[in-house]
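Notes for the one structure printed next.
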């Protein structure tokens with residue numbers, strides 16, 4: 001097929017809204033609904049609080065001083081806008097797939113594949129880093145406790161950890177995820193609370209003054225880094241097809257996990273800078289340094305920190321691998337990934353997809369220097385937040401196509417405006433360019449207030465369109481703070497995904513059109529309380 005004939009076919013297929021059916025599937029093809037709001041909250045906490053709480057707090061405090069708690073507060077507030085949008089779409093479409101599925105409903109097939117696979121790239125590399133770090137921490141901790149103990153090297157231990165995790169997640173939600181993740185998250189929270197409680201008795205008031213030693217600028221800038229501490233709410237949405245009452249439990253799990261994590265991070269960071277002057281914090285091991293003989297003088301806390309890191313990384317791995325498998329399951333069921341990965345076993349889990357995620361994590365952890373890939377991460381996650389905020393506007397607006405175009409324009413303007421603001425101190429033109437682009441962002445808001453918006457019968461994101469618009473603008477700022485290597489990675493993966501998708505479209509038109517048509521029921525009510533049928537096809 002020539003390019004002249006291929007491009008019309010590409011546009012026809014790429015932007016068809018053919019989402020997964022939202023109604024309950026047959027027992028043979030659906031996951032079992034066994035998760036409660038408590039389980040979902042535990043999944044969110046398990047995803048968000050890993051070893052990062054023992055590292056990120058030190059890195060952030062080094063730049064901001066005692067005001068680091070405000071960096072975490074700003075990050076939590078900025079994430080709540082995206083979290084509320086996630087909660088609405090998860091409650092409206094209670095099927096596995098998360099951002100992939102939401103993009104499919106709102107924008108079409110190609111963008112669903114594009115954003116879904118880019119998020120999975122971040123998840124896979126993040127899982128590989130967590131596997132390596134967890135194996136390293138576990139080996140170090142066991143050798144400290146039992147110096148004469150024989151242990152395999154870190155790479156072999158990484159393979160063992162992945163195999164154990166894959167087995168746990170394959171045996172079922174009830175006997176695997178719920179029990180293991182719940183117990184480990186509870187243990188992790190006890191360790192964090194113990195450190196906060198013990199550390200609060202060693203806080204010195206003079207370490208907290210001045211509270212803003214570096215001004216407010218670094219506090220606001222560091223909030224972009226701190227926002228990555230709250231990514232767990234996106235993982236919760238991948239459990240949509242397995243929770244007992246998705247319309248009620250999903251919003252509770254998303255918001256509760258974000259709130260709990262915010263409180264823990266804020267108090268943990270405040271205690272840390274209260275024990276040790278922020279200028280003397282060891283960024284590599286801030287908590288161990290704070291409890292060393294020079295400061296709090298409670299050496300046994302370092303062992304507690306090591307076990308907290310091991311447990312934190314393990315729970316991050318459990319929830320991360322769980323979430324990845326559900327996204328592959330959703331893509332395979334829609335015919336956008338290999339069909340064997342769309343099957344659910346008699347245990348009620350997507351075993352094939354789960355094994356695939358384990359194999360990828362193991363290969364990356366063993367054969368790649370994954371620690372060097374950190375700069376490539378998080379851009380896919382941030383774009384997933386953006387697409388979810390835009391999806392709420394599109395699915396509610398009376399003119400979805402116009403809402404989608406304006407959302408894209410506003411996000412681009414926010415990215416450029418925020419990027420130029422980082423060079424204010426280096427260029428006298430930067431302030432002018434920032435002002436121009438900031439005005440463009442503000443102008444992009446105007447068309448959204450000229451539209452009317454329906455209200456879903458399930459959980460509704462409050463303050464529409466204000467909350468989704470704030471989410472889009474904040475995510476634009478966060479995207480501008482990503483390293484250039486991350487943007488290069490995004491460009492490369494986008495090119496590969498586009499090439500593969502063009503090949504798929506060519507195959508479809510060569511072998512006959514794809515006649516499948518799945519629908520999703522999106523019942524809404526308008527401001528007058530009248531029911532509106534918004535079934536997407």
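Quick look at the values:
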| item | result |
| --- | --- |
| Residue satisfying condition, being more than 15 Å from residue 84 (Cβ to Cβ), out of contact with any helix residue (DSSP H, G or I) (no Cβ under 7 Å at 6 or more places or on another chain) and either crowded, with 23+ Cβ neighbours inside 10 Å or in contact (Cβ under 8 Å) with a residue 40 or more places away in the chain (or both), within set 241, 283 | 241 |
| Top-ranked residue of region 205-218 - restricted to ones that are modelled with pLDDT under 85 and assigned to a helix (DSSP H, G or I), ranked as farthest from residue 294 (Cα to Cα) | 217 |
| Residue count for region 452-505, restricted to those that are part of a loop (DSSP other than H, G, I, E, B) and in contact (Cβ under 8 Å) with a residue 24 or more places away in the chain | 13 |
| Exclusive hit being surrounded by 24 or more Cβ atoms within 10 Å (Cβ to Cβ), under 27 Å from residue 35 (Cα atoms) and either more than 23 Å from the chain's Cα centre (by Cα) or at pLDDT 85 or above (or both), set 339, 323 | 323 |
| Condition check for residue 96: in a helix (DSSP H, G or I) and either within 20 Å of residue 311 (Cβ to Cβ) or in contact (Cβ under 8 Å) with a residue 60 or more places away in the chain (or both) | no |
| The one condition in (1) modelled with pLDDT of 90 or more; (2) not in a helix (DSSP H, G or I) that residue 348 fails to fulfil | (1) |
| Residue match in region 127-149 (condition: crowded, with 23+ Cβ neighbours inside 10 Å, at negative phi and outside any helix (DSSP H, G or I)) | no |
| Selected residue [in a loop (DSSP other than H, G, I, E, B) and farther than 25 Å from residue 92 by Cβ] from 188, 202 | 202 |
| Unmet criterion (only one of (1) at pLDDT below 85; (2) in contact with a helix residue (DSSP H, G or I) (Cβ under 6 Å, 6 or more places away or on another chain); (3) part of a helix (DSSP H, G or I)) for residue 406 | (1) |
| Residues that are at negative phi and either more than 14 Å from the chain's Cα centre (by Cα) or modelled with pLDDT of 90 or more (or both), drawn from region 63-79 | 63, 64, 66, 67, 68, 69, 70, 71, 72, 73, 74, 77 |
| Count - residues of region 467-485 that are under 18 Å from residue 443 (Cβ atoms), within 17 Å of the chain's Cα centre (by Cα) and surrounded by fewer than 24 Cβ atoms within 10 Å (Cβ to Cβ) | 2 |
| Any chance residue 157 is free of Cβ contacts under 8 Å to residues at least 24 places away in the same chain, buried (at least 18 other Cβ atoms within 10 Å of the Cβ) and assigned to a helix (DSSP H, G or I) | yes |
| Residue within region 356-373 that is modelled with pLDDT of 80 or more, over 21 Å from the mean Cα position of the chain (by Cα), in a helix (DSSP H, G or I) and within 26 Å of residue 217 (Cα to Cα) present | no |
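Okay, residues lined up against (1) touching a residue at least 40 places away in the same chain (Cβ under 8 Å); (2) closer than 25 Å to residue 144 by Cα; (3) crowded, with 24+ Cβ neighbours inside 10 Å:
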{"residue": "266", "(1), (2), (3)": "yes, no, no"}
{"residue": "288", "(1), (2), (3)": "no, yes, no"}
{"residue": "295", "(1), (2), (3)": "yes, yes, no"}
{"residue": "302", "(1), (2), (3)": "no, yes, no"}
{"residue": "306", "(1), (2), (3)": "yes, yes, no"}
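This table checks each residue for (1) part of a helix (DSSP H, G or I); (2) under 29 Å from residue 228 (Cα atoms); (3) at pLDDT below 70.
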{"position": "7", "(1), (2), (3)": "yes, no, yes"}
{"position": "26", "(1), (2), (3)": "no, no, yes"}
{"position": "39", "(1), (2), (3)": "yes, yes, no"}
{"position": "42", "(1), (2), (3)": "yes, yes, no"}
{"position": "47", "(1), (2), (3)": "yes, yes, no"}
{"position": "52", "(1), (2), (3)": "yes, yes, no"}
{"position": "58", "(1), (2), (3)": "yes, yes, no"}
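The values are calculated or read from the model by the stated rules, or taken from the named source; none is laboratory data. Computed from a prediction, not measured in an experiment: that's the story for all the values here. Cβ sites come from the backbone with ideal geometry, for glycine too, and all protein chains shown count toward neighbours.
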